[in-house]
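One structure is given here, and the rest of the page talks about it.
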Amino acid sequence: MSVVICTRRRPHLLPRSVAAVLAQELDEPFEVVVVNDDDEPLRCRLPDDHRLVVLSGRRLGLCAAHNVGIEAARAPIIAFTDDDCYLDENYYQALRVQFAEPRQFHYGMGQILLYDETDDRRIANAWFKRMAVIKPGTALPTGTFQGANIFFLREVFEKAGKFRDDMGSGTPFPCEDIEFGTRCSLAGFTGVFTPLVKVFHHHGRK
(Lines give C-alpha, C1' and ligand atoms only; values in the text may rest on other atoms or scores of the structure.)
Protein backbone atom coordinates (compact mmCIF):
# COMPACT_ATOMS: atom_id res chain seq x y z
CA MET A 1 0.00 0.00 0.00
CA SER A 2 1.09 3.55 -0.80
CA VAL A 3 -0.69 6.35 1.07
CA VAL A 4 -0.48 9.75 -0.61
CA ILE A 5 -0.90 12.89 1.52
CA CYS A 6 -0.85 16.27 -0.22
CA THR A 7 -0.19 19.15 2.14
CA ARG A 8 -0.06 22.92 2.13
CA ARG A 9 0.79 25.01 5.19
CA ARG A 10 -0.57 22.76 7.90
CA PRO A 11 2.59 22.08 9.92
CA HIS A 12 0.57 21.63 13.13
CA LEU A 13 -1.42 18.70 11.68
CA LEU A 14 0.79 16.97 9.10
CA PRO A 15 3.15 15.13 11.53
CA ARG A 16 0.24 13.44 13.26
CA SER A 17 -1.32 12.48 9.93
CA VAL A 18 1.96 10.90 8.81
CA ALA A 19 2.41 9.16 12.17
CA ALA A 20 -1.03 7.54 11.86
CA VAL A 21 0.08 5.91 8.60
CA LEU A 22 3.45 4.78 9.91
CA ALA A 23 1.73 3.24 12.96
CA GLN A 24 -0.23 0.76 10.82
CA GLU A 25 0.50 -2.88 11.61
CA LEU A 26 1.29 -4.51 8.27
CA ASP A 27 2.90 -7.80 7.38
CA GLU A 28 4.14 -6.46 4.04
CA PRO A 29 5.97 -3.31 2.84
CA PHE A 30 4.14 0.01 2.62
CA GLU A 31 5.00 3.66 2.16
CA VAL A 32 3.62 7.14 2.75
CA VAL A 33 4.21 9.73 0.04
CA VAL A 34 3.92 13.37 1.18
CA VAL A 35 3.61 15.98 -1.57
CA ASN A 36 4.23 19.54 -0.39
CA ASP A 37 2.00 21.64 -2.66
CA ASP A 38 3.73 24.93 -1.94
CA ASP A 39 6.66 27.13 -2.93
CA GLU A 40 7.78 27.20 0.70
CA PRO A 41 9.51 24.27 2.43
CA LEU A 42 7.70 22.18 5.03
CA ARG A 43 7.80 23.91 8.40
CA CYS A 44 7.49 20.83 10.55
CA ARG A 45 9.63 17.88 11.56
CA LEU A 46 8.69 14.50 10.10
CA PRO A 47 10.02 11.10 11.21
CA ASP A 48 13.27 9.80 9.76
CA ASP A 49 11.71 6.63 8.35
CA HIS A 50 12.63 4.69 5.21
CA ARG A 51 8.92 4.23 4.46
CA LEU A 52 8.42 8.01 4.14
CA VAL A 53 8.93 9.84 0.83
CA VAL A 54 8.67 13.65 0.85
CA LEU A 55 8.36 15.55 -2.43
CA SER A 56 8.46 19.34 -2.55
CA GLY A 57 7.83 21.83 -5.31
CA ARG A 58 5.88 24.83 -6.44
CA ARG A 59 2.18 25.27 -5.77
CA LEU A 60 0.43 23.02 -8.29
CA GLY A 61 -3.12 22.61 -7.02
CA LEU A 62 -4.45 19.51 -5.34
CA CYS A 63 -5.00 17.32 -8.40
CA ALA A 64 -1.59 18.01 -9.88
CA ALA A 65 -0.09 17.21 -6.47
CA HIS A 66 -2.12 13.97 -6.38
CA ASN A 67 -0.66 13.06 -9.74
CA VAL A 68 2.88 13.70 -8.49
CA GLY A 69 2.09 11.27 -5.65
CA ILE A 70 0.75 8.65 -8.06
CA GLU A 71 3.91 8.84 -10.14
CA ALA A 72 6.07 8.38 -7.05
CA ALA A 73 3.98 5.61 -5.43
CA ARG A 74 5.26 2.07 -5.94
CA ALA A 75 2.54 -0.16 -4.45
CA PRO A 76 -0.38 -1.88 -6.24
CA ILE A 77 -2.89 -0.14 -3.92
CA ILE A 78 -2.76 3.66 -3.73
CA ALA A 79 -4.81 5.42 -1.04
CA PHE A 80 -5.33 9.15 -0.53
CA THR A 81 -6.06 11.10 2.61
CA ASP A 82 -5.68 14.72 3.71
CA ASP A 83 -3.11 16.38 5.93
CA ASP A 84 -5.80 17.03 8.55
CA CYS A 85 -6.96 13.40 8.68
CA TYR A 86 -5.70 10.46 10.72
CA LEU A 87 -6.02 6.86 9.58
CA ASP A 88 -7.87 4.47 11.86
CA GLU A 89 -5.49 2.01 13.51
CA ASN A 90 -7.05 -0.85 11.52
CA TYR A 91 -7.14 1.05 8.22
CA TYR A 92 -4.87 -1.27 6.27
CA GLN A 93 -6.43 -4.48 7.54
CA ALA A 94 -9.88 -3.18 6.55
CA LEU A 95 -8.59 -2.08 3.14
CA ARG A 96 -7.12 -5.50 2.51
CA VAL A 97 -10.53 -7.09 3.18
CA GLN A 98 -12.05 -4.89 0.46
CA PHE A 99 -9.43 -5.97 -2.08
CA ALA A 100 -9.32 -9.64 -1.12
CA GLU A 101 -9.43 -12.35 -3.77
CA PRO A 102 -11.62 -13.11 -5.62
CA ARG A 103 -11.49 -9.37 -6.30
CA GLN A 104 -14.85 -7.59 -6.51
CA PHE A 105 -13.78 -3.93 -6.30
CA HIS A 106 -11.20 -1.73 -8.00
CA TYR A 107 -11.61 1.54 -6.10
CA GLY A 108 -13.66 3.04 -3.32
CA MET A 109 -14.24 5.37 -0.43
CA GLY A 110 -14.36 4.81 3.31
CA GLN A 111 -15.90 6.70 6.20
CA ILE A 112 -14.71 10.18 7.18
CA LEU A 113 -15.46 10.66 10.86
CA LEU A 114 -14.92 13.64 13.15
CA TYR A 115 -11.73 13.54 15.22
CA ASP A 116 -13.02 16.33 17.47
CA GLU A 117 -16.72 15.90 18.25
CA THR A 118 -17.07 19.66 18.83
CA ASP A 119 -16.18 20.43 15.19
CA ASP A 120 -18.92 21.25 12.68
CA ARG A 121 -20.45 17.94 11.57
CA ARG A 122 -21.60 19.39 8.25
CA ILE A 123 -18.09 19.90 6.89
CA ALA A 124 -16.33 17.24 4.79
CA ASN A 125 -17.53 14.22 6.72
CA ALA A 126 -19.13 10.98 5.55
CA TRP A 127 -20.53 8.21 7.69
CA PHE A 128 -22.53 5.17 6.61
CA LYS A 129 -23.42 1.83 8.20
CA ARG A 130 -23.65 -0.47 5.19
CA MET A 131 -21.42 -1.26 2.26
CA ALA A 132 -22.70 -0.05 -1.11
CA VAL A 133 -21.44 -1.02 -4.56
CA ILE A 134 -20.67 1.59 -7.23
CA LYS A 135 -21.64 -0.20 -10.42
CA PRO A 136 -19.79 0.47 -13.68
CA GLY A 137 -21.45 3.24 -15.66
CA THR A 138 -22.56 5.19 -12.56
CA ALA A 139 -22.42 9.01 -12.46
CA LEU A 140 -21.68 9.87 -8.83
CA PRO A 141 -23.85 12.60 -7.26
CA THR A 142 -22.22 15.68 -5.79
CA GLY A 143 -20.74 15.14 -2.33
CA THR A 144 -20.86 11.34 -2.37
CA PHE A 145 -17.19 10.64 -3.20
CA GLN A 146 -14.83 12.61 -0.97
CA GLY A 147 -11.08 12.71 -1.43
CA ALA A 148 -10.15 12.55 2.27
CA ASN A 149 -10.53 8.75 2.21
CA ILE A 150 -10.34 7.19 -1.25
CA PHE A 151 -8.33 4.27 -2.60
CA PHE A 152 -7.59 2.63 -5.93
CA LEU A 153 -5.85 -0.30 -7.53
CA ARG A 154 -3.00 0.93 -9.72
CA GLU A 155 -4.68 -0.55 -12.80
CA VAL A 156 -7.44 2.05 -12.45
CA PHE A 157 -5.02 4.88 -13.21
CA GLU A 158 -3.53 2.94 -16.10
CA LYS A 159 -6.94 2.76 -17.82
CA ALA A 160 -8.94 5.74 -16.50
CA GLY A 161 -6.00 8.16 -16.40
CA LYS A 162 -5.09 10.43 -13.50
CA PHE A 163 -6.75 13.40 -11.81
CA ARG A 164 -7.38 16.49 -13.91
CA ASP A 165 -4.77 19.15 -13.18
CA ASP A 166 -7.34 21.94 -13.64
CA MET A 167 -9.49 20.68 -10.76
CA GLY A 168 -9.19 20.46 -6.98
CA SER A 169 -8.32 22.82 -4.15
CA GLY A 170 -6.22 25.66 -5.53
CA THR A 171 -8.31 25.81 -8.75
CA PRO A 172 -11.81 27.19 -9.55
CA PHE A 173 -13.21 23.63 -9.66
CA PRO A 174 -12.97 21.79 -6.29
CA CYS A 175 -14.88 18.74 -7.51
CA GLU A 176 -11.99 16.53 -8.58
CA ASP A 177 -13.04 13.57 -6.44
CA ILE A 178 -16.53 13.32 -7.97
CA GLU A 179 -15.16 13.75 -11.49
CA PHE A 180 -12.50 11.10 -11.09
CA GLY A 181 -14.76 8.64 -9.28
CA THR A 182 -17.29 8.94 -12.09
CA ARG A 183 -14.54 8.52 -14.69
CA CYS A 184 -13.43 5.29 -12.98
CA SER A 185 -16.98 3.99 -13.13
CA LEU A 186 -17.42 4.95 -16.79
CA ALA A 187 -14.14 3.17 -17.55
CA GLY A 188 -15.79 -0.08 -16.42
CA PHE A 189 -14.45 -0.38 -12.88
CA THR A 190 -16.54 -1.42 -9.86
CA GLY A 191 -16.26 0.72 -6.74
CA VAL A 192 -17.37 0.44 -3.13
CA PHE A 193 -18.47 2.66 -0.27
CA THR A 194 -17.27 0.80 2.80
CA PRO A 195 -17.84 1.58 6.49
CA LEU A 196 -14.81 -0.56 7.44
CA VAL A 197 -12.10 1.76 6.09
CA LYS A 198 -12.07 4.85 8.34
CA VAL A 199 -10.20 8.11 8.78
CA PHE A 200 -10.73 10.80 11.41
CA HIS A 201 -11.02 14.36 10.11
CA HIS A 202 -9.52 17.12 12.28
CA HIS A 203 -10.78 20.15 10.34
CA GLY A 204 -11.13 22.39 13.39
CA ARG A 205 -14.07 24.47 12.13
CA LYS A 206 -16.83 25.10 14.66
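The values are calculated or read from the model by the stated rules, or taken from the named source; none is laboratory data. Here the structure is a predicted model, which is why all the values come from computation and not from measurement. All Cβ positions, glycine included, derive from the backbone under ideal geometry; neighbour counts span all protein chains shown. For the accessible areas, the whole protein counts, side chains as well, though only heavy atoms, and no ligand, DNA or RNA atoms are used. Shrake-Rupley method; radii C 1.70, N 1.55, O 1.52, S 1.80 Å.
So here's what we get for this one:
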quantity	calculated
The range 47-70, residues that are closer than 14 Å to residue 22 by Cα and over 19 Å from the mean Cα position of the chain (by Cα)	47, 48, 49, 50
Residue in the range 198-206 that is in a strand (DSSP E or B), of a type in the set (D, E, K, R) and within 24 Å of residue 104 (Cα to Cα) present	yes
Single residue of 26, 46 found to be touching a helix residue (DSSP H, G or I) at 6+ places or on another chain (Cβ under 9 Å), assigned to a loop (DSSP other than H, G, I, E, B) and closer than 21 Å to residue 201 by Cα	46
Scan of the range 102-127 for residues that are assigned to a loop (DSSP other than H, G, I, E, B) and surrounded by 14 or more Cβ atoms within 10 Å (Cβ to Cβ), ordered by number	105, 106, 115, 119, 124, 125
Filter result (part of a loop (DSSP other than H, G, I, E, B), in contact (Cβ under 8 Å) with a residue 60 or more places away in the chain and open to solvent by less than 40 Å² (accessible area, probe 1.4 Å)) within the range 49-62	61
Some residue of the range 157-178 being out of contact with any helix residue (DSSP H, G or I) (no Cβ under 9 Å at 6 or more places or on another chain), surrounded by 16 or more Cβ atoms within 10 Å (Cβ to Cβ) and in a helix (DSSP H, G or I)	yes
Members of the range 33-79 found to be touching a Pro at 6+ places or on another chain (Cβ under 8 Å), among the charged types (D, E, K, R) and at pLDDT 90 or above, listed by number	45, 51
Restricting the range 185-206 to residues that are over 15 Å from the mean Cα position of the chain (by Cα) and more than 19 Å from residue 96 (Cα to Cα), the residue that is surrounded by the most Cβ atoms within 10 Å (Cβ to Cβ)	185
Residues of the range 78-102 classified as within 21 Å of residue 158 (Cβ to Cβ) and within 11 Å of the chain's Cα centre (by Cα), total	3
Filter result (surrounded by 18 or more Cβ atoms within 10 Å (Cβ to Cβ) and either more than 15 Å from residue 197 (Cβ to Cβ) or of a type in the set (S, T, N, Q) (or both)) within the range 136-156	140, 146, 149, 156
Hits in the range 149-180 - residues which are of a type in the set (Gly, Ala, Ser) and modelled with pLDDT of 95 or more	160, 161
Condition met for residue 133 (open to solvent by 30 Å² or more (accessible area, probe 1.4 Å), part of a helix (DSSP H, G or I) and among the aliphatic types (A, V, I, L, M))	no
Residue that is at pLDDT below 90 and open to solvent by less than 60 Å² (accessible area, probe 1.4 Å), where the choices are 14, 26	26
